[in-house]
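Asks: Questions regarding the structure given below will be posed in turn.
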Amino acid sequence: MQIIDGKSLSQKIKRDIAKETQNLKETSNIVPGLAVIIVGDDPASRTYVGMKAKSCKEVGFYSIVHEMPETITQDEILETIKMMNTNPRIDGILVQLPLPKHIDTDKILGIIDPTKDVDGFHAYNVGKLVTGLDSFVACTPLGVMEMFKEYNISLEGKDVCVVGASNIVGKPMASLLLNANATVTITHIFTKDLKAHTSKADIIVVGVGVPKLIKEDMVKDGAIVIDIGINRIEDGSLVGDVDFENVSKKCSFITPVPGGVGPMTIAMLLKNTLKSAIARD
Ligand code: NAD
């Protein structure tokens, strides 16, 4: 069994991005810029935004964090995004989710200029992904694809079971896998017999938010298991969606939590922002 080390891979990617950023500054006088909007005081969201801002600094990006109170109106957020859309210093715009209940998330994501949509959530980019065209792709599934590449895991013809079908994780993950010629099964909360699907899969990619959902009897010998889940349990520690201790014994490759997919997500956000900045050149 081999551990897929997302932490060290993400550090390697960040070093490459820092070099490319320096090069872009020297050759074109362009500094990639990321703007993040955060609404309210959700502690997890604040942590994620803090990590994103810190990573931007590490690689030499310009970054701004626009903090808004929970009581902000939808129109005020829309106006802020419109200003960011036309700000030439900003290459990427990210709205930290979830947004408060009185805000229409689809409307907010839909106003972001698709050429600055570094989270890949805009319907324009989702459509391009599904049709196999170059686009901004959601950072978490993109990070998983980088892991497959780094560890020489071929996807062509493989049976892959994606567990979880959200717009930000499961659906773009399934599209990327399909584009890589895998045979993809997408499962979710209404799937009748989850084990029947996971136990046949060469590769399982799970992102649902349920600790230890994937148990050893649901995984075939030699399978590759990618755990996207991040769950804080009672003792305060972070765990994924996989019963790592028991499942790992059956796997050929497995990602840990923490230190697996999580750090890759931020690395891909930086990669998408750099891609946008290069397109401005
Ligand atoms: P979500 O709530 O939007 O979607 C959850 C999906 O899982 C849904 O499709 C639902 O049908 C499915 N699901 C729920 N319970 C299930 C069950 N018992 N069996 C099968 N399917 C089930 O969540 P999300 O935003 O997609 O996030 C999912 C998980 O991934 C969370 O733990 C989140 O913290 C984590 N996440 C991690 C990263 C990262 O960077 N590693 C990024 C985004 C999300």
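Asks: Of the DSSP beta bridges with both residues in the chain, give the percent that are antiparallel, rounding to the nearest 5.
Replies: Once the DSSP bridges in the chain are tallied, antiparallel ones form about 5 percent.
Asks: Just the number, please: carbon plus sulfur as a percent of the accessible area of the chain, 1.4 Å probe, no ligands or DNA/RNA counted.
Replies: Exposed carbon and sulfur together represent 54 percent of the surface.
Asks: Under a plain spin-label model, where a point goes 7 Å from the Cα along Cα-to-Cβ, how far apart in nm are ILE3 and ILE189?
Replies: 3.3 nm
Asks: Okay, next question. If you count only protein heavy atoms and use a 1.4 Å probe, how large is the accessible surface of ASP221, to the nearest 10 Å²?
Replies: 130 Å²
Asks: Compute the whole-percent fraction of alpha carbon pairs in region 220-272 spaced more than 12 Å apart.
Replies: In whole percent, the long-distance tail amounts to 66.
Asks: Identify all aspartates and glutamates with a Cα-Cα distance to LYS275 below 14 Å; exclude those on the same chain that are fewer than 8 residues away in sequence.
Replies: ASP16, GLU20, ASP91, ASP117, ASP119, ASP134
Asks: Rounded to the nearest 500 deg cm²/dmol, what is the calculated helix-only ellipticity per residue at 222 nm for the chain, with -39500 (n - 2.57) per DSSP H run of length n ≥ 4?
Replies: Helix-only estimate at 222 nm: -13000 deg cm²/dmol.
Asks: I would also like to ask the following. Using 0.36 nm per residue of separation minus the Cα-Cα distance, give me the extension gain between LYS82 and ALA180 in nm, one decimal.
Replies: Working it through step by step, the gained length comes to 31.8 nm.
Asks: Another question, if that's okay. What does the accessible area per residue of region 196-262 come to in Å², with a 1.4 Å probe and no ligands, DNA or RNA counted?
Replies: I get 44 Å² per residue for this part.
Asks: Separate question: How big is the convex hull of the Cα atoms of region 139-262, per residue, in Å³?
Replies: 98 Å³
Asks: Calculate the FRET efficiency for ASP159 and THR105 from the Cβ-Cβ distance with a Förster distance of 30 Å, rounded to the nearest 0.05.
Replies: Result of the calculation: an efficiency of 0.35.
Asks: Also, I was wondering about something else. Would you mind checking the tilt of helix 43-59 against the longest principal axis of the Cα atoms of the chain, expressed as 0 to 90 degrees and rounded to 10?
Replies: 70 degrees
Asks: Using 0.36 nm per residue of separation minus the Cα-Cα distance, give me the extension gain between SER252 and GLN22 in nm, one decimal.
Replies: The span from SER252 to GLN22 would gain 79.0 nm if fully extended.
Asks: Once the whole set of protein chains is in place, how much accessible area is left on ILE13, using a 1.4 Å probe, in Å² to the nearest 10?
Replies: 20 Å²
Asks: Residues in region 260-281 near a label at LYS12, defined as backbone nitrogen under 19 Å from the 7 Å Cα→Cβ point?
Replies: In region 260-281, the label zone of LYS12 (backbone N under 19 Å from the point 7 Å along Cα→Cβ) covers 260-272.
Asks: Assign one of three labels to region 19-170, namely rounded, prolate or oblate, based on the Cα gyration tensor with a ≥ b ≥ c the square roots of its eigenvalues; rounded applies when a/c is under 1.5, prolate when it is not and a/b is larger than b/c, and oblate otherwise.
Replies: Cα axes put region 19-170 in the oblate bin.
Asks: Specify which residue in the list TYR48, VAL130, ILE72 is farthest towards the positive end of the charge dipole of the chain, using unit charges on the beta carbon of Lys, Arg (+1) and Asp, Glu (-1), about the Cα centre.
Replies: Among TYR48, VAL130, ILE72, the one farthest towards the positive end of the dipole of the chain is VAL130.
Asks: Could you calculate, for region 164-231, the ratio of the Cα radius of gyration to the Kirkwood radius, expressed as Rg to Rh?
Replies: 0.92
Asks: Treating only the Cβ atoms of Lys and Arg (+1) and Asp and Glu (-1) as charged, compute the dipole magnitude of the chain about its Cα centre; round to the nearest 20 debye.
Replies: For the chain, the charge dipole is close to 480 debye.
Asks: Restricting everything to alpha-carbon atoms, can you work out Rg to Rh for region 29-116 with a Kirkwood hydrodynamic radius?
Replies: When Rh is taken as the Kirkwood radius, the ratio is 0.96.
Asks: Can you compute the modelled spin-label distance between ASN231 and THR73, with each label point 7 Å from Cα toward Cβ, in nm?
Replies: In this crude spin-label approximation the distance works out to 4.1 nm.
Asks: Note the count of lysine pairs whose C-alpha atoms are less than 18 angstrom apart in region 29-116, limited to pairs 8 or more residues apart or on different chains.
Replies: 4
Asks: Starting at 0 and stepping by 10 Å, how many percent of the alpha carbon pairs of region 80-169 end up in each bin?
Replies: Taking all Cα pairs of region 80-169, the binned fractions are 14, 41, 30, 12, 2 percent.
Asks: Same structure, new question: Where a Cα-Cα gap under 19 Å defines reach, which lysines qualify for LYS249, not counting those fewer than 8 residues away within the same chain?
Replies: LYS195, LYS200, LYS212, LYS215, LYS220
Asks: Turning to a different aspect of this structure: How about region 68-163: which trypsin sites (Lys or Arg not before Pro) there lie in a loop by DSSP and see at most 16 other Cβ atoms within 10 Å?
Replies: Listed in order of number, the matching sites are ARG89, LYS101.
Asks: How large is Rg/Rh for the chain, to two decimals, with Cα atoms and a Kirkwood Rh?
Replies: 0.97
Asks: Could I have the simple spin-label model distance between LYS275 and ALA53, label points 7 Å from Cα toward Cβ, reported in nm to one decimal?
Replies: With each label placed 7 Å out from Cα toward Cβ, I get 2.6 nm.
Asks: Could you order ILE64, ILE81 so the one with the most accessible surface comes first? Probe is 1.4 Å.
Replies: Sorted descending by solvent-accessible area, the residues read ILE64, ILE81.
The values are calculated or read from the model by the stated rules, or taken from the named source; none is laboratory data. The shown structure was predicted, so the numbers you read here are calculated from the model rather than taken from an experiment. Cβ sites come from the backbone with ideal geometry, for glycine too, and all protein chains shown count toward neighbours. With ligands, DNA and RNA removed, areas are computed over all heavy atoms of the protein, side chains included. Shrake-Rupley method; radii C 1.70, N 1.55, O 1.52, S 1.80 Å.
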